[in-house]
Amino acid sequence: MTAFSLRSGAFADGGSIPRRHSCDGLDVSPQLEWIGAPAATAAFALIVDDPDARGFVHWVAFDVPGEQASLAEGASGGGGFGEGRNDFGRSGWGGPCPPSGTHRYVFELFALDRALGLTGTPTAGELRRAMAGHVLGSGVLVGTYRRG
């Protein structure tokens, strides 16, 4: 499996996610870009979760076209790719909203050998099962957020 670079213009790896991307702000998905994905990539899938809240899922996205190398700020809900159900119980991005302390948010982008063609709003677990055997590589970006 090939590792590639995932980054954001909104925050550095390990850095603080701006308030505008959280429940305390506009709650819009951050801009993301990636470099070095495998040449054979047909589609991308993304899972964003909070390991400090037992893996609480903030975003499930799939079938992002393989020729794409970024997602604009606010891309969630904009079409062009599928979105699954987050642990807030809705489709698309749900920004950081920790009950206390500083939490980490892990953005993991998967390069896939084919589009998954999932329907409805799959959970992160359903997406992971559908991706099994089709992951060519992945990129990881970690951000933090603390309310107040």
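Points to keep in mind about this one:
- Shape call, segment 19-70: gyration tensor on alpha carbons, a/c limit 1.5: prolate
- Relative contact order (%) - criterion: Cα under 8 Å, at least six apart; region: the chain: 32
- FRET E, pair Ser100, Val135, Förster distance 30 Å, beta-carbon r, rounded to 0.05: 0.30
- For segment 82-94, 3J(HN,Hα) per residue [Karplus equation, 6.51 cos²θ - 1.76 cosθ + 1.60, θ = phi - 60°, Hz, x = Gly/Pro]: x, 9, x, 8, 8, 7, 7, x, 10, 7, x, 6, x
- At q = 0.13, 0.17, 0.22 Å⁻¹, base-10 log of I(q)/I(0) for segment 4-148 (Debye sum, equal scatterers on each alpha carbon): -0.50, -0.88, -1.49
- Normalised by the number of residues in segment 31-77, the mean separation of alpha-carbon contacts (under 8 Å, six or more apart) gives a relative contact order of 47 percent.
- The residues packed around Thr144, meaning those with a beta-carbon under 12 Å from its beta-carbon, carry a net charge of 0 if Lys and Arg are +1 and Asp and Glu are -1.
- Environment charge at Pro51 (Cβ cut-off 14 Å; Lys +1, Arg +1, Asp -1, Glu -1): -3
Read the figures in this text as sums done on the coordinates, not as results from a lab. The model shown is predicted, which means the values in this text are computed figures rather than measured ones. So basically every Cβ, Gly included, is an ideal-geometry build from the backbone, and we count neighbours across all protein chains shown.
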